[in-house]
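> Next up is a structure, given as structure tokens.
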Amino acid sequence: MATREIKIKVFTTLFFGITLILIFAEYLKIQQLVFYAKPLLIPCLVALYFSKSVKICPYYLVALFFALVSNIFLLFSDPKLLLYGIIAFLFYRITSIFAVVKNGDRVALLPLFLATVPFLFMFSYLIDIMVSPDHPSFYATIVNDIIISIFCGMGLSNYVMNDNKQNSWLLISTLLF
């Protein structure tokens with residue numbers, strides 16, 4: 001087997017192994033394990049991306065950097081650090097949108113708008129029941145709601161307008177966000 005394929009298998013196994021460890025650690029509330037394992041997830045994904053991809057998208061790498069920063073900040077319960085984590089996560093989503101726009105199909109505005117509306121309602125309801133307006137991260141959470149709704153709308157509209165493998169994966173990934 002070629003070294004490239006070996007690297008891909010190793011990094012894929014590592015990524016899913018760390019993911020499983022994090023799932024169990026979160027479920028069993030083993031905070032120390034979460035604290036050590038969560039920062040390893042994104043670097044492992046970057047290594048897998050470099051091993052697997054032929055063409056590297058700089059927007060995606062910037063998005064992953066912000067995902068790493070948000071993962072680190074969101075490990076803590078201090079409201080100020082949580083706010084920084086939400087802001088880093090916001091930048092992660094924005095750069096993810098840039099990566100999709102740059103590398104994907106052309107986005108039609110009317111289908112994007114129509115596909116975004118249901119997600120805005122759903123995420124707004126979730127914010128309403130989970131985040132108090134006097135919480136420091138309330139406004140950052142609303143902006144995040146709008147950005148993720150647009151991203152989900154982009155995935156849904158691209159899938160409906162042009163059903164291909166790339167748009168199917170985009171829809172799946174945005175719904176999993």
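The values are calculated or read from the model by the stated rules, or taken from the named source; none is laboratory data. Because the structure is predicted, anything quoted here is derived from the model rather than measured. Note that each Cβ is placed from the backbone with ideal geometry, even for glycine, and that neighbours are counted across all protein chains shown. Ligands, DNA and RNA are stripped out before the accessible areas are found, and what is left, the full protein with its side chains, is counted by its heavy atoms. Shrake-Rupley method; radii C 1.70, N 1.55, O 1.52, S 1.80 Å.
> Can you tell which of Tyr159, Tyr139, Tyr125 is open to solvent by 70 Å² or more (accessible area, probe 1.4 Å), on the phi < 0 side of the Ramachandran plot and touching a Leu at 6+ places or on another chain (Cβ under 8 Å)?
Just one listed residue meets the conditions, Tyr159.
> Yes or no: the stretch 85-100 includes at least one residue that is over 23 Å from Val34 (Cβ atoms), at pLDDT 85 or above and not in a helix (DSSP H, G or I).
Checked the stretch 85-100: no residue is over 23 Å from Val34 (Cβ atoms), at pLDDT 85 or above and not in a helix (DSSP H, G or I).
> How about the stretch 69-98: which of its residues are of a type in the set (A, V, I, L, M), open to solvent by less than 40 Å² (accessible area, probe 1.4 Å) and either at positive phi or in contact with a Leu (Cβ under 9 Å, 6 or more places away or on another chain) (or both)?
Matches in the stretch 69-98: Leu75, Ile86, Ala88.
> Turning to a different aspect of this structure: Which condition breaks for Val107 when tested against (1) free of Cβ contacts under 8 Å to residues at least 24 places away in the same chain; (2) over 18 Å from the mean Cα position of the chain (by Cα); (3) surrounded by 13 or more Cβ atoms within 10 Å (Cβ to Cβ)?
Result: Val107 fails condition (1) only.
> Which residues, taken from the stretch 72-96, are farther than 22 Å from Ile150 by Cα and either among the charged types (D, E, K, R) or under 11 Å from the mean Cα position of the chain (by Cα) (or both)?
If the condition is that a residue be farther than 22 Å from Ile150 by Cα and either among the charged types (D, E, K, R) or under 11 Å from the mean Cα position of the chain (by Cα) (or both), then Asp78, Lys80 are the ones that fit.
> Taking Cys152 and the conditions (1) in contact (Cβ under 8 Å) with a residue 40 or more places away in the chain; (2) open to solvent by less than 70 Å² (accessible area, probe 1.4 Å), which numbered condition does it fall short on, given that it satisfies the others?
Against the list (1) in contact (Cβ under 8 Å) with a residue 40 or more places away in the chain; (2) open to solvent by less than 70 Å² (accessible area, probe 1.4 Å), Cys152 comes up short only on (1).
> Note down all Cβ pairs under 8 Å where the first residue falls in the stretch 29-41 and is touching a residue at least 12 places away in the same chain (Cβ under 8 Å), the second is of a type outside the set (A, V, I, L, M, F, W, C) and surrounded by 15 or more Cβ atoms within 10 Å (Cβ to Cβ), and they're at least six residues apart or on different chains.
Close Cβ pairs satisfying both conditions: Lys38/Asn71; Pro39/Asn71; Leu41/Asn71.
> Go over the candidates Ile42, Ile18, Ile6 one by one and state the one that is of a type outside the set (Gly, Ala, Ser), out of contact with any Ser or Thr (no Cβ under 7 Å at 6 or more places or on another chain) and over 21 Å from Ser96 (Cβ atoms).
From the options Ile42, Ile18, Ile6, the qualifying one is Ile6.
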